[in-house]
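Okay, structure first, notes after.
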Amino acid sequence: MSNGNGAGNGKLRIATAWLGGCSGCHMSFLDLDEFLVDLAGMADLVFGPLTDTKAFPPDVDITLVEGAVTNEDNRELAFALRENTRVVVSFGDCAVTGNVTALRNLLGEPEPMLQRVYVEHPDLDGQLPSEVVPALLPMAEPLHELIPIDAYMPGCPPSAERIKTTITALAQALIDGEPVPKATEWLFPDEARFG
Amino acid sequence: MAKQIDLHDVAHSELEMRSRYTTRVKACSSTACLSAGAGPVRQALDQAAEREDVNSDVQVVPTGCMGMCSSGPLVRVEPRGAEPTMYAQVTPDIATRIIREHVVVRKLIDEHVLDEDQPFFSRQRKIVLGNAGRIDPERIEDYVAEGGYQALAGALNDLAPEEVIEIIDDSGLRGRGGAGYPTAKKWDMLRRAEGSPKYLIANGDEGDQGAYMDRTIMEDDPHRVIEGMIIAAYATGASHGYIYVRAEYPTAVERLERAIRVARRQGLLGRNILGSDFDLQLEVRIGAGAFVCGEETALMASIEGRRGTPSLRPPYPTEKGLWGQPTMINNVETLANVPAIVANGAEWFGEVGTAQSKGTKVFALAGSLVNTGLIEVPMGITLREIVFDIGGGIPNDGVFKAAQSGGPSGGCLPASLLDSPVDYESLRKLGSMMGSGGLVVMDDSMRMPDVARFYMEFCREESCGKCAPCRTGTVQMHALLDRICEGVGRRRDLQHLESLCRTVRQTSLCGLGQSAPNPVVSTLDHFRHEYLDLLVPDVSYNGTAPSVPPRPQAPDPAVTTKGGSR
Amino acid sequence: MAEARTAERAAQGEGHPSGDERFALLDKTLRKARYQQDQLIEVLHVAQDLFGHLSEDILIYLARQLKLPPSRVYGVATFYHLFSFTAPGRHSATVCMGTACFVKGAEEIVQQLEAAHDVRSGQTTEDGELTVSTARCVGSCGLAPVVVVDGVVTSHQTAESTLAHVGEVLAKEPTEAST
Amino acid sequence: MSRGNGRPSIPVTIDGQEAMAYEGETILDVATRIGVRIPRLCYLEGLSVWGGCRLCLVEVEDDPRYRLSCATPVVAEMAVTTTNWELHNHRRRIVEMLFAEGNHICAVCVSNGDCELQDLAAETDVDHIHYDLQHPDASVDASHPKYVLDRERCVLCTRCVRVCNEIEGAHVWDVGGRGSDSMIVAELSKPWGESPSCTWCGKCVLVCPTGALAFKGRAVGEMRHDPAVIDFLKTARDEGKWYERQEAR
């Protein structure tokens, strides 16, 4: 889209991100089948597990974020994509609620879980992962605990139909130059009191 | 049939017995004074009287609460035909000196004398607590000598049940448990309810922290509660009564059970009360540590031996209460007002208090005050009078910040509202409530969000768990308050807190949940800036790297779906 | 199953098979209550007074005697905070957390007690010596903050004075004397 | 549902729709009969009214408080609005808090759709949870040969407690603890499989609105409940009328 330092080809810039999740949501995204062709017509996929880009690019229109925030890398990426994206979509149950990724929270701090997985029931030689793997955060949390979210797409995984509906609606708004449909904030009828 | 007590005879011989003593020494033996060491004091008084050989002239009387608990143990010397003197902070040594010096040689121990003309005493008006600190609660004779059971005798002899209700109606007596429902209306509903037997319950499940009005009434003047219940039962046609008392009040349980036994033996309970054809059985039931049992339907569940969870109304207890029978629940303090009203008339009662809130109210005064203790004041007295005249102001040159009335269900009243009158309507208008009578004063060292968190924690732990908004809402509101108080809260947390207050208040099943948000709402109303000061500034995402607080929160959640009705 | 036998014998009016005299006292209470189901809470109080806490055995016994479903007895017993299901320590320190005491710093006392004796409020130390708990207002607000140590109310406490007092109480009695 | 005899005689209005109600019918009864859906969770036809979920609160004209539609009998000329902006938000918050209270990480309902809590979330526009997830340390009881109890998914609606007590008469279940520590217990909080009073009737499983109670050994698609069976049983037993049942979904 023609928004400053973008690609300038009039197309939307769409990204996906894969945080602490099983990538099932991305599989569901691939389930879009022929819609992927339509999508390619109106948007460029500029970042995500499906592309080769290493750093999160600037000036992205829509980012679908799969997975809970569970380690340092996730957090870094979440901040980066928030800063460079106009509409961030919390994509799938792990991003929306923490879901399976957050099951580790039941064990409290990450250490007991790591012990159980890597030392008590090792398939290989029992040792804790250290340098190569990013450090786990104390809790695995839903994405909205870390950054503001513009739209939520629950589902485990969300069906291709739901993904298509969401993307179409958001893309249409962006293309028409209309404000992204941020609904009236139902939660805070007293908003005015906060000035 | 039990023998019938002759009230006149008993009163007469009791007064005669009293007149044989030249001096009566009253030793406060209430729970507060006992924990301050009143037991040894009383022993010392007895021993000293024996040693000085003034046994036949001096009567040492263990009494209930004299009021100024912060100065206990209290002892009051009442010489025949002379002014009484009250002593504060009495130790066994002082007690010995009281007998040896004051009683024997009429020499006052000046440094321990407590001025009874000071506002703490003179601003009070005692109806319910008229006998507390004056009589030995374990002796029915003492109660009868002060005019006890005369109101009952009068009602049974001269008044039809409807006439008793009329007197209560005219007096304007309202429920002292907090909500202020007109007592006569309740009585009338039970009277008209169809079904037999009908039950009457005295609610002595005072769970409010910092409140011990009902306990004091039950411990110090158990016969007054019983007389009130008998009159209420007579007026409403109840044939069976329960007094539901917290298990944390063993003395109250003991004294009530003893008083019931004595009353039964004297023909004041059981069949053909005082020779009339009116019957009433009374029983004490004890709770087991659940605040929610102060709620009427939960209380009844507890008496039935079940989990103390509230049930839905309607049907109201007066239609379908204990075991499906018509049941009326009155607060202990309400019932304790009844004998005095019936004895002295509605007009006499109406002279005290305001137009809509008549009579007096007992408060347990606690917190940052010079004088703390139990007070009974006319309704409509201002908060300022209670705090500064009766309470003696804030100690150590402290500054009054707020008073919390109504405990975890009530709200706080800031300094700007010191001149508002204390009655049902005014307090409710100010977002607080009368409550059962706990009044905690806070000085400026308290942070109000901490106070709100304290009460919310209480509600969270006392929520019965039956209804979802109260069970889960108190947990969430406490978590949000916790985060704010710990300095890691965000604007969003405060917004969530306020929206939850509304939901929990409007959707909870019983009074506990409906009023649980009150302390939060009222501290937010009066001390909002204290909350705002604790919030972490919002994270900026406009091109600058976000700073990461301990538990990062987004400033504004947004949702895709539409709010509003469908 | 031993429990089932207990119940059978109880149903035949033989009382509890253990022969524990305290069960005879409990039976007396049950008779006085005329085995009325609504007396459950009263009976639980008596049982706790007799045994110090409510063990599973006691709950089963009461369920059978009052002909109540065990889950109902369990539900009632666990609803009310005064009933305890583990044996209390030989000594107890209960910090009042009523409003008056809270305003005057009771929280600090609890924290320090917990830290000093390595125990959480509501629990007993590993050696079974001390139970630390909090109470909802013991009604001595004029004396705040209040701590009840072995049933004796101590007034105007600070964290230091409480720790010292509890230390004294613990030291006074040698362990073997109370076993 | 009370199927009143005779003719309905009480005129009421629900969401602008006029209807005649039978004596003793509740707002929820009438609404259901005329096809107006009111969200609810703990209520189940055939069982006593519990009133714990608070989702079926409705607005009654000239009444300052919301009324519980499952427990409020209709009176003549009553005008009911089943949802408004505020009620919708209250319901949404309650549902969100129910999610936050348990560990509702479930592979079943997302795939077979058989979960009343999930339905309610959709109905009340819950798309994410605003509140702190509690991550309770709740236990799974798989000791019973035929059934499983997963307390992580329990919403404390007490349908199982009521059906076991009121319909089956066994009273295996009750609620133990208090407040947020409340949980469903069998016997003296014993493993379900050891319960001497359980009759293996499975009614508690049939009525469970979530996946807290489930049949063992079934594939995800077969993990279904059938709460309507209770009303069928109750009507058959109490009134001697066997109405034709639709098979469970």
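The values are calculated or read from the model by the stated rules, or taken from the named source; none is laboratory data. Computed from a prediction, not measured in an experiment: that's the story for all the values here. We place every Cβ from the backbone using ideal geometry, glycine too, and count neighbours over all the protein chains shown.
Taken together, the residues in segment D:100-136 that are at the interface with chain A (Cβ under 9 Å from one of its Cβ atoms), in contact with a Pro (Cβ under 8 Å, 6 or more places away or on another chain) and among the acidic types (Asp, Glu) amount to 1.
Within segment D:119-159, being free of Cβ contacts under 8 Å to residues at least 40 places away in the same chain and not in a loop (DSSP other than H, G, I, E, B) holds for D:ASP119, D:ALA121, D:ALA122, D:VAL140.
For segment D:206-249, the set of residues classified as of a type in the set (Asp, Glu), surrounded by 12 or more Cβ atoms within 10 Å (Cβ to Cβ) and assigned to a loop (DSSP other than H, G, I, E, B) consists of D:ASP226 only. The listed residues are B:GLY308, B:GLY350, B:GLY373, and the only one of them that is of a type outside the set (Asp, Glu) and at positive phi turns out to be B:GLY373. Looking only at residues of segment C:104-117 that are in a helix (DSSP H, G or I) and within 14 Å of chain B (Cβ to nearest Cβ), we find that the one that is farthest from the chain's Cα centre (by Cα) is C:GLU108.
For segment B:385-423, a residue qualifies if it is closer than 15 Å to B:ASN518 by Cβ and either assigned by TED's automatic domain parsing to the domain that holds B:ASP214 or touching a Gly at 6+ places or on another chain (Cβ under 7 Å) (or both), and the qualifying residues are B:GLN404, B:SER405, B:GLY406, B:GLY407, B:SER409, B:GLY410, B:GLY411. Scanning segment B:451-478 for residues that are of a type in the set (D, E, K, R) and under 18 Å from D:CYS154 (Cβ atoms) returns B:LYS466, B:ARG471. Considering every residue within segment B:334-347, establish whether at least one is buried (at least 24 other Cβ atoms within 10 Å of the Cβ), modelled with pLDDT under 95, within 29 Å of B:CYS28 (Cβ to Cβ) and touching a Gly at 6+ places or on another chain (Cβ under 6 Å). No: zero hits.
Among the criteria (1) more than 24 Å from C:VAL146 (Cα to Cα); (2) outside any loop (DSSP other than H, G, I, E, B), the one B:PHE120 does not fulfil is (1). One residue is enough: does segment D:167-175 have a residue meeting the conditions touching a residue at least 60 places away in the same chain (Cβ under 8 Å) and out of contact with any Asp or Glu (no Cβ under 8 Å at 6 or more places or on another chain)? For segment D:167-175, residues touching a residue at least 60 places away in the same chain (Cβ under 8 Å) and out of contact with any Asp or Glu (no Cβ under 8 Å at 6 or more places or on another chain): present. Could you identify the single residue in A:LEU187, A:LEU106 that is modelled with pLDDT under 85, surrounded by 18 or more Cβ atoms within 10 Å (Cβ to Cβ) and either more than 9 Å from every other protein chain (Cβ to nearest Cβ) or more than 16 Å from the chain's Cα centre (by Cα) (or both)? Checking each option against the conditions leaves just A:LEU187. Taken over segment C:85-103, the criterion of being out of contact with any strand residue (DSSP E or B) (no Cβ under 8 Å at 6 or more places or on another chain) and outside any helix (DSSP H, G or I) is satisfied by C:PHE85 alone. Take the conditions surrounded by fewer than 24 Cβ atoms within 10 Å (Cβ to Cβ) and either within 20 Å of the chain's Cα centre (by Cα) or not hydrophobic (A, V, I, L, M, F, W, C) (or both) and apply them to B:PRO326. Does it pass? Considered against the rule, which asks whether it is surrounded by fewer than 24 Cβ atoms within 10 Å (Cβ to Cβ) and either within 20 Å of the chain's Cα centre (by Cα) or not hydrophobic (A, V, I, L, M, F, W, C) (or both), B:PRO326 comes out as no.
Here is a yes/no grid of residues against (1) crowded, with 19+ Cβ neighbours inside 10 Å; (2) away from every other protein chain (no Cβ under 14 Å); (3) touching a strand residue (DSSP E or B) at 6+ places or on another chain (Cβ under 9 Å); (4) over 19 Å from B:GLY511 (Cβ atoms):
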{"residue": "B:GLU162", "(1), (2), (3), (4)": "no, yes, no, yes"}
{"residue": "B:ALA179", "(1), (2), (3), (4)": "no, yes, no, no"}
{"residue": "B:LYS186", "(1), (2), (3), (4)": "yes, yes, yes, no"}
{"residue": "B:ARG192", "(1), (2), (3), (4)": "no, yes, no, yes"}
{"residue": "B:GLY204", "(1), (2), (3), (4)": "yes, no, yes, no"}
{"residue": "B:ASP208", "(1), (2), (3), (4)": "yes, no, yes, no"}
{"residue": "B:ILE217", "(1), (2), (3), (4)": "yes, no, yes, yes"}
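The set of residues in segment D:153-177 that are away from chain C (no Cβ under 13 Å) and either within 12 Å of the chain's Cα centre (by Cα) or surrounded by 22 or more Cβ atoms within 10 Å (Cβ to Cβ) (or both) comprises D:ARG153, D:CYS154, D:VAL155, D:CYS157, D:ARG159, D:VAL163. Only one entry in B:GLY72, B:GLY39, B:GLY81 is within 14 Å of chain C (Cβ to nearest Cβ) and free of Cβ contacts under 8 Å to residues at least 24 places away in the same chain, namely B:GLY39. Of all residues being over 23 Å from B:PHE363 (Cα atoms), charged (D, E, K, R) and in a loop (DSSP other than H, G, I, E, B) in segment C:129-172, which is nearest to the other protein chains (Cβ to nearest Cβ)? Just the residue, please. Among residues in segment C:129-172 that are over 23 Å from B:PHE363 (Cα atoms), charged (D, E, K, R) and in a loop (DSSP other than H, G, I, E, B), the one nearest to the other protein chains (Cβ to nearest Cβ) is C:ASP150.
Highlighted here are the helices (runs of 4 or more DSSP H) found entirely within segment B:125-174 that include at least 1 residues which are more than 24 Å from B:ARG258 (Cβ to Cβ): B:150-158, B:161-171.
Taken over segment C:57-84, the criterion of being assigned to a loop (DSSP other than H, G, I, E, B) and facing another protein chain (nearest Cβ under 7 Å) is satisfied by C:PRO69, C:TYR80, C:HIS81, C:LEU82, C:PHE83. For segment B:389-401, how many residues are surrounded by fewer than 24 Cβ atoms within 10 Å (Cβ to Cβ) and in contact (Cβ under 8 Å) with a residue 60 or more places away in the chain? Number satisfying all stated conditions: 2. Checking each residue in segment D:214-231 for being among the aliphatic types (A, V, I, L, M) and touching a Phe, Trp or Tyr at 6+ places or on another chain (Cβ under 9 Å) picks out D:ALA214, D:MET223.
What's the total number of residues in segment B:52-93 that are in a helix (DSSP H, G or I) and surrounded by fewer than 20 Cβ atoms within 10 Å (Cβ to Cβ)? So the count comes out to 2. Report yes if some residue within segment D:198-212 is among the small types (Gly, Ala, Ser), assigned by TED's automatic domain parsing to the domain that holds D:ALA100 and over 23 Å from D:HIS135 (Cβ atoms); otherwise report no. For segment D:198-212, residues among the small types (Gly, Ala, Ser), assigned by TED's automatic domain parsing to the domain that holds D:ALA100 and over 23 Å from D:HIS135 (Cβ atoms): present. So for segment C:114-135 (the condition being among the basic types (Lys, Arg) and closer than 30 Å to B:VAL441 by Cβ), does at least one residue qualify? No, segment C:114-135 has no match at all. Each residue in segment B:370-392 was checked for being in contact with a helix residue (DSSP H, G or I) (Cβ under 7 Å, 6 or more places away or on another chain) and farther than 19 Å from B:GLU333 by Cα, and 7 of them qualify. Filtering segment B:14-36 to residues that are assigned to a helix (DSSP H, G or I) and either among the polar types (S, T, N, Q) or within 14 Å of another protein chain (Cβ to nearest Cβ) (or both) leaves B:SER19, B:THR31, B:ALA32, B:CYS33, B:LEU34, B:SER35.
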